[in-house]
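K.L.:
Below you'll find the structure I mean.
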Amino acid sequence: MNTGSDKSVEVTAAAHGVMVDEGESRDERALGSRAPEFVKARRALHIGWQVGVFVVGLAVVAAGAAMLVLPGPGWVVIFGGMAIWATEFVWAQLVLRWTKRKVTEAAQRALDPRVRRRNIILTSLGAVIVAAVCGFYLWKFGLVMPWEIKNQ
């Protein structure tokens, strides 16, 4: 059964050339601009609003991208910028929905006992290998930093 909000999602999505799964649209907010009505009512103001949202979102995404190589929570900030864009742009809303769906699926897979067992085994194996390499290094060179090792 379609409600009025389902139809508005379909109309908004169709206006942007986007296909929306009917089941998905029932539980989520409508796609499109969330600007205040007085902003939407004036085209020039709405375009200015969109430019402002885009610039702010771009600055946040750029800061997050910089944090990928610098100290800081890069991915969190990037998704924050995407959330800013999603207040105004359908494509960002769809990207965030897709990301949320994939993260939920990954979390469900990670809770599977077989996957957890495999991850524990691989982590333990990696820890044993690292310990063996560190032990060999200490046996061979002692507590000497690698850059201080001369021909021994």
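K.L.:
Run the 1.4 Å probe and let me know the accessible area of residue 120, rounded to the nearest 10 Å².
P.N.:
Around 100 Å² of this residue is reachable by solvent.
K.L.:
Once each part is reduced to its C-alpha centroid, what is the distance from the stretch 97-152 to the stretch 39-53 in angstrom?
P.N.:
Result: 50 Å between the Cα centres.
K.L.:
Where the accessible area of the stretch 43-152 is counted over protein heavy atoms with a 1.4 Å probe, how much of it, in %, is carbon and sulfur?
P.N.:
Answer for the stretch 43-152: carbon and sulfur cover 74 percent of the accessible area.
K.L.:
Same structure, new question: So what does residue 70 come to for accessible area, using a 1.4 Å probe and Å² rounded to 10?
P.N.:
100
K.L.:
Using the heavy atoms of the protein chains and a 1.4 angstrom probe, tell me the accessible area per residue for the stretch 92-152 in square angstrom.
P.N.:
87
K.L.:
Let me ask another. So what J values fall out for the stretch 112-118 if you push phi through Karplus, 6.51 cos²θ - 1.76 cosθ + 1.60 with θ = phi - 60°, rounded to Hz, Gly and Pro as x?
P.N.:
5, x, 5, 5, 4, 4, 4
The values are calculated or read from the model by the stated rules, or taken from the named source; none is laboratory data. In this text the structure is predicted, and so the values were computed from the model without any measurement. SASA here: full protein model, heavy atoms, side chains in, ligands and nucleic acids out. Shrake-Rupley method; radii C 1.70, N 1.55, O 1.52, S 1.80 Å.
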